[in-house]
Amino acid sequence: MDSRAESEFREFVESRSLALRRSAYALTGDLDTAEDLVQGALVKLVRRWQKVDNPEAYVRRTIYHDHATRWRRRKIVREDTMAAPPDRSVSDASGQVGDRLDLRQALLRLTARQRAVLVLRFYEDLPEREVAEIMGCSVGTVRSQTARALARVRVLAPELAADAALPTPEEASA
Amino acid sequence: MTLEDHLRDALDDLVTRVPPRAGLADAVLREANRRRAKVRLATAGTTVAAVAAGTMFVVADPLAVDGADLGTIGPAAREPADAGDPGPGTVDLDVAGLAEGPAPAGAPWITDGVLRVDDQEFALPDDISRIQTIEAVAGGVAVLTVPPAESPDGSPDLRLLLLSPDGGRTELGDGPIYGFGVSADRTLIAWARHDWATHAPDGGPGRTLLYVADAATGEVLHERVQSGDGGSMGSVRGFLGDGRVLLDAATNAPTGLALWDPEADTVTPWTGYGFANAVSPGAGLAVLSPTNEAANRVPAVVDADGETRWELPPDTHVPQHGFSPDGRHLAVIVSPGLTEAQERAERRLQDEGGYATIDVPRSVVVFDAVTGERELTVDGTEPGTVTWEPDGSLVFEVWNDDRTVAGLVRCSLDGRCELAARPQDVDGGRLPYLGGGL
């Protein structure tokens, strides 16, 4: 990597690293894991800096793939669609703060793929086409995964969903 | 306020916990350079240029953009791990110094987009990244995969297929299928499909359909419906040797495991463990883990009578196919985890504004499956999936430290190791290989 490339790389990291680290944190729910993923993705980017047209898309794709295939330090606790809904909590008078807490817990109980599609769609606000590109699937799969993930959130955080639109029968059975 | 609005707010709120951090570019470049200093292996298709000390193997010149820097040499050379007669015990593997041996035998593996078992080739049903589990069966292979296609009424979660070498493909089922098991003689395959339309009292699916089929033809031989209180029981984890199928509950809050006897059409509670990690149909042994709420979460080897034989070390990852074909050995991946002192040091460095993580060494360890006696420890790699060949050799994925290169290594129980597939570059998450026993 020559000095010009290094300068460009530094500029990219300075301008985009906070957003990337926040995305990784939203994806993982764990600061250490998020830092690990971002730094690992950036090290890979260094190798390919002069070959990559869209560095941010490359890093996001790498973070997603590395997270999906990651098993280092994996715990035995399952984190998949068989997650049990938590016990109903007592309604919190503080309203939204409680809702956010419930929602965060619900997000952490989703599968990695379900969480990813929600983060990419509703935190990154990426269009479905870009989400599909990052996740390596079709736009239709993004739509169906999103619907299923939302339905799962409704099951996991029923208080939160109470004032939201009711799921369709298809979503409810997902 | 819609659920989507709640989600946006919650995610925006959540990420505010991530503070800005200075010096990340420096840290990344230092890390990249540090890894460059350890370069000592060429990628497949080039020549191995040097064998050097250290415990990791790294593709030649990770910073280069125009090919490998074969002249780069790391610290002082040492003997490769397979030199001489190391005997049983601990092997400090230097992947760069390993001789190249034959491809994996008798065990499924994937390379160049083709699924192979010995000289048989099978067309992959989906992209390699979508493959969840592969296992050889009579007449071919069984593959559990996440299909990319979706249907108007919702995308199936997973798809279980039987593949034959003549290109034949039999779909056994799709939907929430979380695993499958194959009998010791590989003639039978068992799986379960969960129905989440309703929920069991434990929060799992309200209904589960259990199947046993002929592994060559796919013909269903036994079928059972679980519903009501037992609706979440259960996910198939494997055959236990006497024709019974080990089930665990499709929930994170299990109260125990169960055995399905397809001939008698009964499902009976078995042990109070929460999860099954690996099953040996040949020896009637299983590695079981306690429930998530248990104080002691150490997995243990349990025999077909439900007796705990021995406990595994803490911080052990048990591969699904960790048992050798004859059930006499159990291969696992042991990581000591971070000590409190290491965690404090790591936190201090991060608080000071630098980026620091402490790599945890991981070892492939083979135990006597019955007694728990340690038979072989392979250090010096970042191991991935583990499987066994019929002759009792262990084959496992090895990765470099930044997970940009992957290969397959074969070790015999006397500690002799060789390459079963040369390390190749992992390009943007695209794997060059995938060993069986996922």
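Can you report the number of residues in region A:125-138 which are within 13 Å of the chain's Cα centre (by Cα) and either facing another protein chain (nearest Cβ under 9 Å) or at pLDDT below 75 (or both)?
1
Determine, yes or no, whether B:Ala213 is under 27 Å from the mean Cα position of the chain (by Cα) and away from chain A (no Cβ under 14 Å).
On the way: under 27 Å from the mean Cα position of the chain (by Cα): yes; away from chain A (no Cβ under 14 Å): yes.
So B:Ala213 fits the description; yes.
Counting only residues that are closer than 11 Å to B:Ser232 by Cα and surrounded by 24 or more Cβ atoms within 10 Å (Cβ to Cβ), which one in region B:244-256 is farthest from the other protein chains (Cβ to nearest Cβ)?
B:Leu247
If the Cβ limit is 7 Å and pairs must be 6+ apart or interchain, which residue in region A:3-22 that is at the interface with another protein chain (Cβ under 7 Å from one of its Cβ atoms) and within 24 Å of B:Leu11 (Cβ to Cβ) pairs with which residue that is open to solvent by 70 Å² or more (accessible area, probe 1.4 Å) and not in a helix (DSSP H, G or I)?
Once the first residue is at the interface with another protein chain (Cβ under 7 Å from one of its Cβ atoms) and within 24 Å of B:Leu11 (Cβ to Cβ) and sits in region A:3-22, its partners that are open to solvent by 70 Å² or more (accessible area, probe 1.4 Å) and not in a helix (DSSP H, G or I) give A:Leu18/B:Pro20.
Select from region B:314-328 the residues that are over 17 Å from the mean Cα position of the chain (by Cα) and in contact (Cβ under 8 Å) with a residue 40 or more places away in the chain and write down the one among them that is nearest to B:Glu389 (Cα to Cα). Lay out the reasoning, then the answer.
Looking only at region B:314-328, we keep the residues that are over 17 Å from the mean Cα position of the chain (by Cα), and these are B:314, B:326-328.
Keeping just the survivors that are in contact (Cβ under 8 Å) with a residue 40 or more places away in the chain gives B:326-328.
Values: B:Asp326: 11, B:Gly327: 12, B:Arg328: 13 Å.
In this case the residue turns out to be B:Asp326.
Here is a check on your reading of the model: is A:Ser7 at pLDDT 90 or above and farther than 20 Å from A:Ile134 by Cβ? Before the answer, list the steps.
Working: at pLDDT 90 or above: yes; farther than 20 Å from A:Ile134 by Cβ: yes.
Yes, satisfied.
In region B:257-283, what residues are within 14 Å of chain A (Cβ to nearest Cβ) and in a loop (DSSP other than H, G, I, E, B)?
B:Tyr273, B:Gly274
May I ask you to list the residues in region B:96-128 that are open to solvent by less than 10 Å² (accessible area, probe 1.4 Å) and touching a Ser or Thr at 6+ places or on another chain (Cβ under 6 Å)?
B:Ala107
Select from region B:167-201 the residues that are within 10 Å of another protein chain (Cβ to nearest Cβ) and open to solvent by less than 50 Å² (accessible area, probe 1.4 Å) and write down the one among them that is nearest to B:Gln132 (Cα to Cα).
B:Tyr178
Do you know which of the residues in region A:19-44 that are over 19 Å from B:Ala25 (Cβ atoms) and of a type in the set (S, T, N, Q) is modelled with the highest pLDDT?
A:Thr28
Which numbered condition in (1) touching a residue at least 60 places away in the same chain (Cβ under 8 Å); (2) open to solvent by less than 40 Å² (accessible area, probe 1.4 Å) is the only one that B:Ala216 fails?
(2)
Out of (1) open to solvent by 40 Å² or more (accessible area, probe 1.4 Å); (2) modelled with pLDDT of 85 or more, what's the single condition that is false for B:Pro336?
Failed condition: (2).
Quick one: in region A:33-68, which of the residues that are of a type in the set (Lys, Arg) and in contact (Cβ under 8 Å) with a residue 24 or more places away in the chain is farthest from the other protein chains (Cβ to nearest Cβ)? Spell out how you get there, then give the answer.
Here is the first cut: in region A:33-68, the residues of a type in the set (Lys, Arg) are A:44, A:47-48, A:51, A:60-61.
Imposing the further condition that a residue be in contact (Cβ under 8 Å) with a residue 24 or more places away in the chain reduces the set to A:60-61.
Working: A:Arg60: 11, A:Arg61: 6 Å.
If we take residues in region A:33-68 being of a type in the set (Lys, Arg) and in contact (Cβ under 8 Å) with a residue 24 or more places away in the chain, then A:Arg60 is farthest from the other protein chains (Cβ to nearest Cβ).
Quick check on region A:23-32: of everything there that is touching a residue at least 40 places away in the same chain (Cβ under 8 Å) and part of a helix (DSSP H, G or I), which residue is surrounded by the most Cβ atoms within 10 Å (Cβ to Cβ)? Before the answer, list the steps.
Of all residues in region A:23-32, those touching a residue at least 40 places away in the same chain (Cβ under 8 Å) come to A:23-24, A:26-27, A:29.
Narrowing further to those that are part of a helix (DSSP H, G or I): A:23-24, A:26-27.
Numbers: A:Ser23: 26, A:Ala24: 29, A:Ala26: 25, A:Leu27: 25.
For region A:23-32, the residue satisfying everything is A:Ala24.
The values are calculated or read from the model by the stated rules, or taken from the named source; none is laboratory data. Keep in mind that what you see is a predicted model, and the values were worked out from it rather than measured. As a convention, Cβ positions derive from the backbone with ideal geometry for all residues, glycine included, and neighbour counts pool all protein chains shown. Areas reflect the complete protein model, heavy atoms only, side chains present, ligands, DNA and RNA absent. Shrake-Rupley method; radii C 1.70, N 1.55, O 1.52, S 1.80 Å.
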